[in-house]
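The values are calculated or read from the model by the stated rules, or taken from the named source; none is laboratory data. Quick caveat, the model's predicted, so the values are computed rather than measured. Heads up, the Cβs are rebuilt from the backbone with ideal geometry, glycines too, and the neighbour counts pull from every protein chain shown. With ligands, DNA and RNA removed, areas are computed over all heavy atoms of the protein, side chains included. Shrake-Rupley method; radii C 1.70, N 1.55, O 1.52, S 1.80 Å.
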Amino acid sequence: MDTRSLLENHESGYSLAQAFYTDEEVFEMDIKHIWRKYWLFAGVAADIPKPGDYFTYKVHPDSIIILRDDNHGIVAHYNTCRHRGSLICTKESGSAPKLMCPYHQWVYNKDGSLFKARHMPEDFDKSTFGLHPVHIRTVEGLIFISLAESPPDFDQVVREFGPYLRPYKLQKAKVAAKKRYVLKTNWKLITENFRECYHCGAAHPEYCKAVIGANLKESADVYQQEKQIEWSAKGLETKGIEFKDNSFHFAVRYPLRDQVESYSLDGKPVSLPMGDHQDYDAGVLGLVCYPNFWIDAVSDYVWTMRITPLSASSCTVDLSWLVDENAVEGHDYDLDRLTEFWKVTGEQDWELCENNFSGIQSSHYQPGPYAPSELDVVKFVDWYINRLKEGVGLPVTDIAAKTDL
């Protein structure tokens with residue numbers, strides 16, 4: 001396949017050519033130039049509160065161990081034994097005083113150094129056989145890793161996400177629920193779907209009932225400005241983070257409808273206000289970090305979404321719901337009420353994305369024009385094309401200058 005021609009022939013403002021969604025050669029380019037270069041959301045620190053607690057995250061084809069060390073820091077290692085390559089942690093999560101390979105019982109300290117290699121010669125130098133480290137950064141309780149030798153700078157993300165996240169006290173939050181979906185669709189279609197509300201009016205009645213302007217039939221501008229004044233007075237960050245071509249993250253705070261206090265089917269709170277929040281009026285905090293991280297947070301809970309590609313035609317979506325550390329299940333929150341809003345809304349989206357992928361596989365699929373309300377999709381697609389162009393040595397286009405379709 002002539003991937004260079006595919007990239008050169010892409011017309012901004014139109015959806016991608018079929019091969020970008022269906023071809024395994026293009027998928028391998030995605031992995032090489034995006035997933036193995038940029039920062040990936042792995043999980044939350046609340047999942048590993050104590051030294052020795054760990055979870056694993058598999059990103060084609062690597063398995064990564066993320067664990068809490070003896071100093072209560074968080075470290076990451078490639079999950080492959082330095083003896084003969086076996087997986088060390090075979091479970092998705094757990095706790096262990098040390099990491100022991102199940103094959104020949106080589107034992108590693110939490111920092112990745114080799115502690116014991118039984119039956120090896122006396123002069124065997126353990127110091128040269130530690131686990132391979134993985135770049136890792138945390139942002140107020142969110143864990144990101146990079147598989148690149150030299151990852152893009154992450155300091156700006158830390159600086160800009162920090163003020164938004166701090167009031168939630170995610171480092172001490174409780175992970176109340178998790179759910180995983182394996183979807184028959186290309187990972188980019190999930191991203192595109194979550195960058196527009198062109199589909200919301202017809203597909204998401206529950207979401208449109210909660211969020212003013214989501215149906216594209218009304219303007220939230222005046223109400224947004226009024227709420228920003230109120231939020232700022234309470235010390236909440238309101239200045240949006242704009243997405244530009246040389247960045248890979250952005251943030252926004254927007255209002256729920258009047259009298260709607262939380263993302264719930266009845267609009268009522270589902271748990272205690274989180275962290276420093278004193279009421280149920282913080283609007284919705286939306287954070288995105290390409291290629292795989294989404295967060296939607298209201299005053300009483302935080303919902304995270306992690307996308308992971310499996311192939312050109314499949315991906316996993318992992319969802320987590322976090323509540324305040326003091327919230328007690330059955331007293332302060334009911335698990336079904338906590339999760340039902342995003343379960344309903346998410347499953348509506350998963351069906352749309354799988355249908356989208358099935359249609360793209362048609363022999364008569366052709367790229368179509370995006371609507372003005374899909375400008376954020378255009379920006380993502382242009383960002384994606386530019387990343388692949390960089391990877392193969394083609395000139396890129398400044399997407400920040402594009403404002404019209």
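Yes or no, residue by residue, for (1) out of contact with any Cys (no Cβ under 6 Å at 6 or more places or on another chain); (2) β-branched (Val, Ile, Thr); (3) open to solvent by 60 Å² or more (accessible area, probe 1.4 Å):
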{"residue": "173", "(1), (2), (3)": "yes, no, no"}
{"residue": "184", "(1), (2), (3)": "yes, no, yes"}
{"residue": "189", "(1), (2), (3)": "no, no, no"}
{"residue": "199", "(1), (2), (3)": "yes, no, no"}
{"residue": "222", "(1), (2), (3)": "yes, yes, yes"}
{"residue": "228", "(1), (2), (3)": "yes, no, no"}
{"residue": "234", "(1), (2), (3)": "yes, no, yes"}
**OP:** Look through 79, 9 and report the one residue that is crowded, with 21+ Cβ neighbours inside 10 Å and free of Cβ contacts under 8 Å to residues at least 60 places away in the same chain.
**Re:** 79
Original post:
If you go through segment 201-226 one residue at a time, how many are in a helix (DSSP H, G or I) and either among the aromatic types (Phe, Trp, Tyr) or out of contact with any strand residue (DSSP E or B) (no Cβ under 8 Å at 6 or more places or on another chain) (or both)?
Top reply: 13
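Conditions tested, residue by residue: (1) open to solvent by less than 10 Å² (accessible area, probe 1.4 Å); (2) out of contact with any Lys or Arg (no Cβ under 6 Å at 6 or more places or on another chain); (3) modelled with pLDDT of 95 or more.
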| position | (1), (2), (3) |
| --- | --- |
| 211 | yes, yes, yes |
| 217 | no, yes, no |
| 241 | no, yes, no |
| 252 | no, yes, yes |
| 269 | no, yes, yes |
| 277 | no, yes, yes |
| 282 | yes, yes, yes |
| 291 | yes, yes, yes |
| 297 | yes, yes, yes |
Original post:
Counting only residues that are touching a Lys or Arg at 6+ places or on another chain (Cβ under 6 Å) and polar (S, T, N, Q), how many does segment 317-332 have?
Top reply: 1
**OP:** Being out of contact with any strand residue (DSSP E or B) (no Cβ under 7 Å at 6 or more places or on another chain) and over 19 Å from residue 277 (Cα atoms) is the filter; apply it to segment 149-171 and report the residue that is least open to solvent (accessible area, probe 1.4 Å).
**Re:** 152
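A quick yes/no check of all residues on (1) surrounded by 12 or more Cβ atoms within 10 Å (Cβ to Cβ); (2) more than 29 Å from the chain's Cα centre (by Cα); (3) without any contact (Cβ under 8 Å) to a residue 12 or more places away in the chain; (4) under 30 Å from residue 38 (Cα atoms):
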residue	(1), (2), (3), (4)
89	yes, no, no, yes
105	yes, yes, no, no
112	yes, no, no, yes
117	yes, yes, no, no
123	no, yes, yes, no
131	yes, no, no, yes
134	yes, no, no, yes
137	yes, no, no, yes
140	yes, no, no, yes
Original post:
What number goes with the only condition from (1) touching a residue at least 12 places away in the same chain (Cβ under 8 Å); (2) closer than 30 Å to residue 315 by Cβ that residue 255 does not pass?
Top reply: (2)
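For every residue, the table says whether it meets (1) under 30 Å from residue 269 (Cβ atoms); (2) touching a residue at least 12 places away in the same chain (Cβ under 8 Å); (3) open to solvent by less than 40 Å² (accessible area, probe 1.4 Å); (4) touching a strand residue (DSSP E or B) at 6+ places or on another chain (Cβ under 7 Å).
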| position | (1), (2), (3), (4) |
| --- | --- |
| 286 | yes, yes, yes, yes |
| 301 | yes, yes, yes, yes |
| 315 | no, yes, yes, yes |
| 334 | yes, yes, no, no |
| 344 | yes, yes, no, no |
| 381 | no, yes, yes, no |
Original post:
Going by the conditions given, is residue 213 over 19 Å from the mean Cα position of the chain (by Cα) and at positive phi?
Top reply: yes
Original post:
Taking the stated definitions as given, is residue 173 in contact with a Ser or Thr (Cβ under 8 Å, 6 or more places away or on another chain) and small (Gly, Ala, Ser)?
Top reply: no
**OP:** Please identify the pairs in which a residue from segment 237-251 that is free of Cβ contacts under 8 Å to residues at least 60 places away in the same chain has its Cβ atom under 6 Å from the Cβ atom of a residue that is open to solvent by 40 Å² or more (accessible area, probe 1.4 Å) and among the aliphatic types (A, V, I, L, M), counting only partners at least 6 apart or on another chain.
**Re:** 240/252
Subject >> Qualifying position, being closer than 21 Å to residue 315 by Cα, touching a helix residue (DSSP H, G or I) at 6+ places or on another chain (Cβ under 9 Å) and open to solvent by 50 Å² or more (accessible area, probe 1.4 Å), among 361, 366 >> reply: 361
**OP:** Give me the pairs, please: first residue somewhere in segment 30-53 and farther than 28 Å from residue 95 by Cβ, second residue anywhere and assigned to a loop (DSSP other than H, G, I, E, B) and open to solvent by 30 Å² or more (accessible area, probe 1.4 Å), beta-carbon distance under 6 Å, and either six or more positions apart or on two chains.
**Re:** 31/60
**OP:** Only residues in segment 199-211 that are over 18 Å from residue 356 (Cβ atoms) count as the first member; pair them with residues that are of a type in the set (Phe, Trp, Tyr) and in a helix (DSSP H, G or I), Cβ under 8 angstrom, at least 6 apart or cross-chain, and list the lot.
**Re:** 206/341; 210/341
**OP:** Looking only at segment 166-200, count how many residues are assigned to a helix (DSSP H, G or I), over 15 Å from the mean Cα position of the chain (by Cα) and not polar (S, T, N, Q).
**Re:** 6
**OP:** Within segment 393-403, identify whether any single residue is assigned to a helix (DSSP H, G or I), out of contact with any strand residue (DSSP E or B) (no Cβ under 7 Å at 6 or more places or on another chain) and in contact (Cβ under 8 Å) with a residue 12 or more places away in the chain, and answer yes or no.
**Re:** yes
